[in-house]
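The values are calculated or read from the model by the stated rules, or taken from the named source; none is laboratory data. Predicted model, so just to flag it, every value in this text is computed and none were measured. Positions of Cβ are backbone-derived with ideal geometry, glycine not excepted, and every protein chain shown enters the neighbour counts.
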Amino acid sequence: MKGIILAGGAGSRLHPMTTAVSKQLMPVYDKPLIYYPLTTLMLAGIREILIITTPRDQPAFQSLLGDGGRWGLDLTFAVQDQPRGLADAYRIGADFVDGGPSALILGDNLFYGHEAGRVFARAADTLDARRGAVVFAYRVSDPRRYGVVELDGQGRPLSIEEKPDDPRSPWAVTGLYIYDGQAPELAARLQPSARGELEITDLNRAYLEQGRLGVERLGRGFAWLDTGTPDSLLDAAAFVRTLEQRQGFKIACPEEVAWRMGWIDAAQLARLAEGFGGADYGAYLRGVANDEAR
């Protein structure tokens, strides 16, 4: 399975911070925001990843991430020259997915939970080229701010709506989606919404109308944070800081994830650590590599 990270958009709700810098390059405590969706895909076992960003920001992403080889990844880049909506990722990425299954994650979403990677990987493993799509739902206190999925007593989807005034359920659709090879074709048929964008909710609804949309609910052991506003960006940083300082490990560290997935060895991890000099991030990586060497 391949992965797509959608890291475009103007980040207008974060202006003036994002006037000159992409939202997905903003720091969330001790690392760039894009590290969080990137490592979510990595933990699900996905190594071929397309990053879609703006013409202005693509060089900065390439400078930060390179081709992904140092982490055992194959990263490629594409441009979304105008904010045409989330489902536009499959117009841009049609050749990349090449008729196969894929996971799409939004570049400003942060997922955390016990064995989250295994949960996402298991959902991906159940999906083949004929089974449709899987979305991940999270219970929220104000579902009017999100896409909302209504479920029956067995957890099967009945309806899906974008930011409804009168939500039919408290289950928000998060920014992680798994699709079969039909996604580019279905996305190409979508009509722009009233705001002129190809809506991801409409793509999900197309699968629902075919009877091929599955829903995985993320329960109390999971955290999902959307970092699109100054307050939510600060909340995410505080969340990461608290966990890292109390437990002594880092969240969304691609070097460590690559090592734990077996894509690089401890010696490679140690060499990557040296590239950070005396920074705390490098010291942490050296500690991980040294613990393995003992």
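Restricting region 147-184 to residues that are out of contact with any helix residue (DSSP H, G or I) (no Cβ under 6 Å at 6 or more places or on another chain) and small (Gly, Ala, Ser) leaves a set whose member that is farthest from Gly132 (Cα to Cα) is Ser169.
Being more than 18 Å from the chain's Cα centre (by Cα) and crowded, with 16+ Cβ neighbours inside 10 Å is the requirement here; does Arg84 meet it? So Arg84 fits the description; yes. Once region 245-294 is narrowed to residues that are in contact with a Ser or Thr (Cβ under 8 Å, 6 or more places away or on another chain) and part of a helix (DSSP H, G or I), the residue that is farthest from Gly66 (Cα to Cα) is Val257.
Checking the structure you have, find out if any residue of region 217-230 is more than 17 Å from the chain's Cα centre (by Cα), surrounded by 17 or more Cβ atoms within 10 Å (Cβ to Cβ) and farther than 18 Å from Ala137 by Cα. Within region 217-230 (the criterion being more than 17 Å from the chain's Cα centre (by Cα), surrounded by 17 or more Cβ atoms within 10 Å (Cβ to Cβ) and farther than 18 Å from Ala137 by Cα), the answer is no, since none of the residues qualifies. What is the number of the single condition among (1) buried (at least 24 other Cβ atoms within 10 Å of the Cβ); (2) touching a residue at least 60 places away in the same chain (Cβ under 8 Å) that Thr53 does not meet? Of the numbered conditions (1) buried (at least 24 other Cβ atoms within 10 Å of the Cβ); (2) touching a residue at least 60 places away in the same chain (Cβ under 8 Å), the odd one out for Thr53 is (2). Mind checking whether some residue in region 192-207 is exposed (fewer than 15 other Cβ atoms within 10 Å of the Cβ), in contact with a Phe, Trp or Tyr (Cβ under 8 Å, 6 or more places away or on another chain) and under 15 Å from Gly85 (Cβ atoms)? There is no residue in region 192-207 that is exposed (fewer than 15 other Cβ atoms within 10 Å of the Cβ), in contact with a Phe, Trp or Tyr (Cβ under 8 Å, 6 or more places away or on another chain) and under 15 Å from Gly85 (Cβ atoms). Do we find that Glu197 is modelled with pLDDT of 95 or more and not in a strand (DSSP E or B) in this structure? No. Taking only region 135-155 into account, find how many residues are more than 21 Å from the chain's Cα centre (by Cα) and assigned to a loop (DSSP other than H, G, I, E, B). Number satisfying all stated conditions: 6. When region 151-181 is limited to residues that are free of Cβ contacts under 8 Å to residues at least 40 places away in the same chain, surrounded by 16 or more Cβ atoms within 10 Å (Cβ to Cβ) and not aliphatic (A, V, I, L, M), the one that is nearest to Arg212 (Cα to Cα) turns out to be Ser169. Among the residues making up region 17-71, those that are within 18 Å of Phe96 (Cα to Cα) and of a type in the set (A, V, I, L, M, F, W, C) are Leu38, Leu41, Met42, Ile46, Ile49, Leu50, Ile51, Ile52.
Matching residues to (1) in contact with a helix residue (DSSP H, G or I) (Cβ under 6 Å, 6 or more places away or on another chain); (2) touching a residue at least 12 places away in the same chain (Cβ under 8 Å); (3) on the phi > 0 side of the Ramachandran plot; (4) polar (S, T, N, Q):
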site: Gly248; (1), (2), (3), (4): no, no, yes, no
site: Ile251; (1), (2), (3), (4): yes, yes, no, no
site: Glu255; (1), (2), (3), (4): yes, yes, no, no
site: Ala258; (1), (2), (3), (4): yes, yes, no, no
site: Arg271; (1), (2), (3), (4): no, no, no, no
site: Ala283; (1), (2), (3), (4): no, no, no, no
site: Ala289; (1), (2), (3), (4): yes, yes, no, no
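Taking the criterion of being over 23 Å from the mean Cα position of the chain (by Cα) and assigned to a loop (DSSP other than H, G, I, E, B), the residues of region 156-181 that qualify are Arg156, Pro164, Asp165, Asp166, Pro167, Arg168, Ser169.
So that you can scan it fast, the table gives a plain yes or no per residue for (1) modelled with pLDDT under 95; (2) within 30 Å of Pro16 (Cα to Cα); (3) loosely packed, with under 13 Cβ neighbours inside 10 Å:
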position: Ala237; (1), (2), (3): no, yes, no
position: Arg241; (1), (2), (3): no, yes, no
position: Glu255; (1), (2), (3): no, no, no
position: Ile264; (1), (2), (3): no, no, no
position: Gln268; (1), (2), (3): no, no, no
position: Gly278; (1), (2), (3): yes, no, yes
position: Tyr284; (1), (2), (3): no, no, no
position: Ala289; (1), (2), (3): yes, no, no
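Of all the residues in region 7-51, those that are in contact with a Gly (Cβ under 6 Å, 6 or more places away or on another chain) and over 21 Å from Arg122 (Cβ atoms) number 7. Just one of (1) farther than 22 Å from Gly113 by Cα; (2) buried (at least 22 other Cβ atoms within 10 Å of the Cβ) fails for His15. It is (2).
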